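Colleague: A single structure is presented below for examination.
The values are calculated or read from the model by the stated rules, or taken from the named source; none is laboratory data. Source: prediction; values computed, not measured. All Cβ positions, even for glycine, are placed from backbone atoms using ideal geometry, and neighbour counts span all protein chains on display.
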Amino acid sequence: MRALSRTGAVTASLLVLTVVAVLVSLSWLARSVPDYTPIGWTTIAIYTLTFALGESMRVDFGSGRTVAPLGMAAGLAFALCMAQEMGPFESDGGVLLVFTVLATLVASFLTHRSGGERIESLLQQATTRIVIVLGTFAAYRALIMLRMPGENFRGGLLFGPDWVNALQMVLLTALATLCYFVLLWASRPRPRGAPRRTSLTDELSDVWAVGAVTAVGAVMVALMDGLVGPFMIPLYLLPVVLMQAAVQRQAEQRMADRRTLQAIGRVTEVTGFTSPGHASRVAALSVRIGRVLGMSDRDLRDLETAAVLHDIGQVGLSRPIPGGATSEVSALDQRRLALGAGGILARTDDLSRLALVVSRQSVPYRTVESLDQAPLAGRVIKVANAWDDLVGTDLDAGLRLRALGRIELGVGNEYDPAVVAALRQVLERRGLLHPAGTGRRARAAAADPDDGA
Amino acid sequence: MSTRTHRPQGANATRTRLLIAALAVLALGAALLADRISPGLELGPVIVLTGLAVVSVSLPTRGSRGHIGPSLTPVLQIAAIPIGGAAAGMIVGGVSHLLIVRRQRLSSRLFNAAMHALMGAVCGLLYVGVGGMHGEAVVLTSVDILVRLGLPLVLAFLASALVNVAVLALRLGWDRPEARRAFVLSTLPGLRGQLPISVLVAFLFAVLWGPGQLELFAAVLVLGPLAVAHWTLAQDEAERSSQERTVRTLVATFETANPYSVGHASRVAELCRRLGAQLGLTAADRETLDYAALLHDIGLITASPSPRRSATEVDLDYLAEITQHPAAGVAILEDIEFLAPALPAIRHHHERWDGRGYPNGLVGEQIPPLARIIAVADAFDSLTCSRSHRPPLSDGQACARLRERAGSHLDPGVVDALERVIAERPWAPTMLVRVDDGRVPDHDDPAVSDRYADWSPEGDDAPAGPPAASTQPVPTGEVD
C-alpha cells in the first residue's frame, strides 16, 4: 500500500506541474504568437505527428513493462530542434510544451483505445515523457547560449568540424534517456510479493541497448532535419525502427519459449503421469515464493523453467504414480525420479545448468550440509511441489490449513524453513488460508496459475 | 546477398580464373572511366572506410532467421563513392574482400574481391554519370542533397545489386541456362526488402559525413545503432538457441521413456538429412524435416503398447494401440509454435503409398512429402538394426527390400533417392547393441506395416481418391 501511494504522489505532482506549465505557456503564447516560417510550422507539425504515432507503437518488454523507442527518439529530436530555433526561450519552450502535450494526449488515447494499458500507467508515462523532453530542450538551449559568440569548432584528423556539437547532443540525449528510465523505474509499483523492487541495475541492463539507440537516433534525426529538411523525418528514424523490430522479436521469442517449455512440461500430464496443470501451478507458486525470497529476475526465469520441467523424469516410469504425487512416494524413488529429470536436462546444452537444480529437488533439508549442495531453486521447487501434491486445485480452506501444517511439520527436516515461511506469506497474501478464502478471490487465484506470475 | 562461391571442379578451374581476370579488368576499366568523368580521390576517407568494411565483412554471419536490417559491407561500399570519390567504391569493395579475415580458398577470395570491385566500379560510374556529387565542401541546399546525392545513390545501389546477381548467376550456371534463370528469379524478390533499407542507411551516412561535416563521427551515429540492433538479436540467439534445445529435450524425454529406441530418432534424422539434400528440398523444408524426423515417434510416450513377453508375432491389440502414436505425438507437440510445419509429417509418417496405412489411409501424393521421406528412412533404419528374429540386413539387402515395396508401401521417388544416397556413401551409423531388444516388437518393421495393411478395417477413414495415383509416382520436390 505504501509503495502504491508513493507512486500516486509522484504521478500526481508531475501531473499538476504539467497542467500549470501548459496553462502558463498557453497564456504566454496567446499574447505573442511566435513568427516561425511556414517550413518551421511544418517541422513542428511533422515532429508532433511522428512523436504521437511513435508513442502509440509500444514494445512489450515482458513483465508488463513497455517502451516506445520511436516516440522517445522523435520527442528528443523535437526538443533538440526547438532548442536550436533561437527564438525567445519562453516562446520556443512554450510551443514545444504545448505540442508535446498534444502529441502525448493523442498517443495515450490511441494506446488506450487499442486496449493497451491502464490510465494511471499511461498518465505516469506521459508526464515523465513531457518532463524529460522539456528538460532536454532547456539543457541544450543552455549549452548553445554558453558557447562564445562566433565560436566555431574545428575538425580533428578524422572527425569533421561539427562533431563536437554532435557529441554534445549525443551525451545530452543519453542522459535524458537514462533519466527517463530511472524515473519510470522509480514510479513503477513493485510486483506483488517482492520484498523490494527489481534492482535498478537489473532494470537498466534490460533497457540500455534500446536507450542507447534511442539517444543516438534522436541526434541523427535532429541533424538530418537541419540538413535535408523535415519532410523525411520518419525515414531518419530507420535505425530506431530496426532496433524496435529487434526488441519486438526478442520479446516474442521469450513468449514462445515460455509456451514451448510449458508444452514440454505437459508431456507428463498428457501421458497421465501427473495431474493436469501440475507443472504450471508448481512453476507459478515457485516464482511467487522466489520473489518473496528476493531472487533476481534472471534467477526467477531459471526457477520457472526448472519448476515447469521438474517432473519430466516420470516419463521413464512403467506405471504412473497415483495422482503423480511425488511427495507421497519413498525418498529413494523421489531421488531416482529427480535424477532422471536432471539427466534429461543435462543432455541439452543450455538447460544443463538447471540439471543440478532439478536433480537435487528431492534432497531433504536436513542432509544438506553445505547449502551449495541443494540450490535454493531446488529447495523452492520441493516445497511448491509438496503443496501442489497435497492441495492441487482443491478449494477447501480447511484442507489447505492441514496441508500447510503438514509441510510445516517437516521444516528443518525435509523442507527449508525460509522457503516454508515464504510459502505461508504467499498463501496469506492471496487469502488462501482463511475460511473466507473459499470465496470468489480464492477460487480465481486457484484457477489461474499465471495470475501475477 | 550471398557471395559464397561454389567449389570449382576440374576443368571449371580455368574458367573460374578467366572469369576472375575478366571481372578484375572490367572493374579497373569502369573505375578509371568514372574517375575521368569526375576526378578526385580522397585517400584518408577511403582508407578508413576500407578498414571498417574489412571488419564488417569479417564478422561471423548468422543464419538468415536472426537477420534484421542491412548488412553493413555493401552500405559502406556505396557510401564510399559520395564520400571518397568515383573510384572509391571499387577500392572499398575489392580490398575488403581481398583482406577478409577468414579461412578461405584463394580462388573464392579472388573471385569475391573481383566481383565486389566490379560492383563498386559500376556503382561509381553510374553515380557520376547521373551527376552525383562527391567531396565538395560547399554548403548544399536540401534539394541539392536529394537530387545530387540521394537519387544517384538509389540508382547506384540498384546497379550494384544487379551486377551481383548477374555475376553469381554466371558463376553458378556456366553451362546450365535453366539453373541460371532459376537463381536469378529466386534472388531478385529478396532484393525488394533489402534495397530500400540499405540505400537509406547509405544516404544517412553519406549526408552526415559530407554535408553534415561530421566525417568519421557519422559512423558512430549511423553504424552504431545498427550494430547494437544486430548485437541484440545475436546475443539472444547465442543465449538461447531454444528450438534446438526444445527438440533435444523432447528426444531425451522420449528416449528415457523408451530405452530400446535410443538412437533411432537421430539415425532417421541423419538419413532424412541425406535424402533431403538428394531430393533438393528448400532450406526451410530441410529444417522442418529434421525436426519431424527427430520427433516422429514422440507419441510412443503416450501410446506405447506394453510389450508382451510371450508374443513373438505381432497381434491385433498391439496394432490397434500402435496406430494411436502419430496422433498422440501431434497432441504433445501442437502447442509448440515452431514445430507447427512439422506436424503433418509426424501425423502421417505411417501412411502407405497404396493408401493402406494409418492413421488416415492417405494415398500417394495426398501424403505430405516429408512424411513419405520419413517413412522410407524409418523402414530402412528398422531393417538395418538387429532384431530377435533376424540379423541386421546389409545396406544392399535393405535397399533391395525397399525397392520391392516401392509403389505399394513406399513412395518410389524417395526409394530412388535412397538408393542414390546409399550408393554415394555407405550407411554406417553408430549403433548401441542392446541385448534385451529382442522381445520388443519394432513397429517400424515393414512386416508390421504389412500386417496392418492386411488387417486394416477397409474404408473407415480412407479417402475416395483413385488409387490410380500410385501408377504414376512422381518424386517429391525434386528440382532437376
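Colleague: Would you call residue B:281 more than 19 Å from the chain's Cα centre (by Cα), among the hydrophobic types (A, V, I, L, M, F, W, C) and either modelled with pLDDT of 80 or more or in a helix (DSSP H, G or I) (or both)?
Modeller: The answer is no for residue B:281.
Colleague: Restricting the range B:316-343 to residues that are touching a helix residue (DSSP H, G or I) at 6+ places or on another chain (Cβ under 9 Å) and of a type in the set (Asp, Glu), which is nearest to residue A:257 (Cα to Cα)?
Modeller: Only one residue fits best here, namely B:337.
Colleague: Collect the residues in the range A:231-240 that are out of contact with any Phe, Trp or Tyr (no Cβ under 8 Å at 6 or more places or on another chain) and of a type in the set (A, V, I, L, M, F, W, C), keeping them in residue-number order. First the steps, then the outcome.
Modeller: So the first thing to find is which residues in the range A:231-240 are out of contact with any Phe, Trp or Tyr (no Cβ under 8 Å at 6 or more places or on another chain), and the list is A:231-232, A:234-240.
Once the filter is applied, which keeps residues that are out of contact with any Phe, Trp or Tyr (no Cβ under 8 Å at 6 or more places or on another chain) and of a type in the set (A, V, I, L, M, F, W, C), the range A:231-240 yields A:231, A:232, A:235, A:237, A:238, A:240.
Colleague: Filter the range B:205-225 for residues that are touching a residue at least 40 places away in the same chain (Cβ under 8 Å) and either in contact with a strand residue (DSSP E or B) (Cβ under 8 Å, 6 or more places away or on another chain) or more than 23 Å from residue B:145 (Cα to Cα) (or both) and give the result.
Modeller: B:209, B:215, B:216
Colleague: Exactly one of (1) closer than 19 Å to residue A:392 by Cα; (2) touching a residue at least 24 places away in the same chain (Cβ under 8 Å); (3) within 14 Å of chain B (Cβ to nearest Cβ) is unmet by residue A:289. Its number?
Modeller: (3)
Colleague: Being buried (at least 20 other Cβ atoms within 10 Å of the Cβ) and either modelled with pLDDT of 75 or more or more than 13 Å from every other protein chain (Cβ to nearest Cβ) (or both), is that true of even one residue in the range B:237-251?
Modeller: yes
Colleague: Now for a separate question. Between residues in the range B:34-49 that are more than 11 Å from chain A (Cβ to nearest Cβ) and residues that are crowded, with 20+ Cβ neighbours inside 10 Å and among the aromatic types (Phe, Trp, Tyr), which pairs lie under 9 Å by C-beta distance while being six or more apart or on different chains?
Modeller: So the pair list comes out as B:34/B:127; B:38/B:127.
Colleague: Also, I was wondering about something else. Under 6 Å between Cβ atoms, which residue pairs at least 6 apart in sequence (or on different chains) link something in the range B:324-340 that is within 11 Å of another protein chain (Cβ to nearest Cβ) and over 19 Å from residue B:285 (Cβ atoms) with a partner that is of a type in the set (A, V, I, L, M) and outside any helix (DSSP H, G or I)?
Modeller: Listed pairs, sorted by first residue: B:328/B:303.
Colleague: Return yes when residue A:18 is of a type in the set (S, T, N, Q) and either surrounded by 15 or more Cβ atoms within 10 Å (Cβ to Cβ) or assigned to a loop (DSSP other than H, G, I, E, B) (or both) and no when it is not. First the steps, then the outcome.
Modeller: Working: of a type in the set (S, T, N, Q): yes; either surrounded by 15 or more Cβ atoms within 10 Å (Cβ to Cβ) or assigned to a loop (DSSP other than H, G, I, E, B) (or both): yes.
In short, yes.
Colleague: Can you find a residue that is at pLDDT 80 or above and more than 23 Å from the chain's Cα centre (by Cα) anywhere in the range A:115-131?
Modeller: No; the residues of the range A:115-131 include none that is at pLDDT 80 or above and more than 23 Å from the chain's Cα centre (by Cα).
Colleague: Read through the list (1) within 23 Å of residue A:205 (Cα to Cα); (2) of a type outside the set (A, V, I, L, M); (3) more than 25 Å from the chain's Cα centre (by Cα), then give the number of the only condition that residue A:252 fails.
Modeller: Residue A:252 satisfies all of (1) within 23 Å of residue A:205 (Cα to Cα); (2) of a type outside the set (A, V, I, L, M); (3) more than 25 Å from the chain's Cα centre (by Cα) except (3).
Colleague: Would a scan of the range B:187-198 turn up a residue that is under 26 Å from residue A:214 (Cβ atoms), touching a residue at least 60 places away in the same chain (Cβ under 8 Å) and surrounded by 22 or more Cβ atoms within 10 Å (Cβ to Cβ)?
Modeller: Yes: the range B:187-198 contains one or more residues that are under 26 Å from residue A:214 (Cβ atoms), touching a residue at least 60 places away in the same chain (Cβ under 8 Å) and surrounded by 22 or more Cβ atoms within 10 Å (Cβ to Cβ).
Colleague: Oh, and also: Checking the condition in contact with a Phe, Trp or Tyr (Cβ under 9 Å, 6 or more places away or on another chain), within 30 Å of residue A:420 (Cα to Cα) and facing another protein chain (nearest Cβ under 10 Å), which residue from A:282, A:228, A:267 passes? Full working, then the answer.
Modeller: Values: A:282 fails: facing another protein chain (nearest Cβ under 10 Å); A:228 fails: within 30 Å of residue A:420 (Cα to Cα).
Answer to the check: A:267.
Colleague: If you don't mind, another one. Go through the range A:1-35 and give me each residue that's at pLDDT 70 or above and in contact with an Asp or Glu (Cβ under 8 Å, 6 or more places away or on another chain).
Modeller: A:25, A:28, A:34
Colleague: Residues in the range A:237-246 that are more than 7 Å from chain B (Cβ to nearest Cβ) and more than 19 Å from residue A:133 (Cα to Cα): how many?
Modeller: Selection size over the range A:237-246: 2.
For (1) modelled with pLDDT of 80 or more; (2) of a type in the set (Lys, Arg), each residue gets a yes or a no:
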| residue | (1), (2) |
| --- | --- |
| B:387 | no, yes |
| B:397 | yes, no |
| B:408 | yes, no |
| B:442 | no, no |
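Colleague: Right, here's the next one. Do we have any residue at all in the range B:355-365 that's under 30 Å from the mean Cα position of the chain (by Cα) and among the aliphatic types (A, V, I, L, M)?
Modeller: yes
Colleague: While we're here: In the range A:79-124, what residues are within 21 Å of residue A:33 (Cα to Cα), acidic (Asp, Glu) and assigned to a helix (DSSP H, G or I)?
Modeller: Of everything in the range A:79-124, those that are within 21 Å of residue A:33 (Cα to Cα), acidic (Asp, Glu) and assigned to a helix (DSSP H, G or I) turn out to be A:90, A:92.
Colleague: Then there's this: Taking the criterion of being within 13 Å of chain A (Cβ to nearest Cβ), free of Cβ contacts under 8 Å to residues at least 12 places away in the same chain and within 23 Å of residue B:45 (Cα to Cα), would at least one residue in the range B:148-159 satisfy it?
Modeller: Looking through the range B:148-159, none of the residues is within 13 Å of chain A (Cβ to nearest Cβ), free of Cβ contacts under 8 Å to residues at least 12 places away in the same chain and within 23 Å of residue B:45 (Cα to Cα).
Colleague: Considering only the range B:205-231, state which residues are at the interface with chain A (Cβ under 9 Å from one of its Cβ atoms), part of a helix (DSSP H, G or I) and more than 25 Å from residue A:249 (Cα to Cα).
Modeller: If the condition is that a residue be at the interface with chain A (Cβ under 9 Å from one of its Cβ atoms), part of a helix (DSSP H, G or I) and more than 25 Å from residue A:249 (Cα to Cα), then B:207, B:208, B:209, B:217, B:218 are the ones that fit.
Colleague: Tell me, please, whether a residue that is surrounded by fewer than 18 Cβ atoms within 10 Å (Cβ to Cβ), more than 21 Å from residue B:337 (Cα to Cα) and free of Cβ contacts under 8 Å to residues at least 12 places away in the same chain can be found in the range A:249-263.
Modeller: No.
Colleague: Taking the residues in the range A:208-225 that are of a type outside the set (Gly, Ala, Ser) and more than 7 Å from every other protein chain (Cβ to nearest Cβ) as candidates, determine which candidate is farthest from residue A:59 (Cα to Cα).
Modeller: Among those that are of a type outside the set (Gly, Ala, Ser) and more than 7 Å from every other protein chain (Cβ to nearest Cβ), it is A:225.
Colleague: How many of the residues making up the range B:149-192 are farther than 18 Å from residue B:12 by Cα and of a type in the set (Phe, Trp, Tyr)?
Modeller: Going through the range B:149-192 one residue at a time, the tally reaches 2.
Per-residue answers, yes or no, for (1) over 19 Å from residue B:76 (Cα atoms); (2) without any contact (Cβ under 8 Å) to a residue 24 or more places away in the chain; (3) part of a loop (DSSP other than H, G, I, E, B):
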site: B:93; (1), (2), (3): no, no, no
site: B:100; (1), (2), (3): no, no, yes
site: B:117; (1), (2), (3): no, no, no
site: B:120; (1), (2), (3): no, no, no
site: B:123; (1), (2), (3): no, no, no
site: B:126; (1), (2), (3): no, no, no
site: B:131; (1), (2), (3): yes, yes, yes
site: B:143; (1), (2), (3): yes, yes, no
site: B:162; (1), (2), (3): no, yes, no
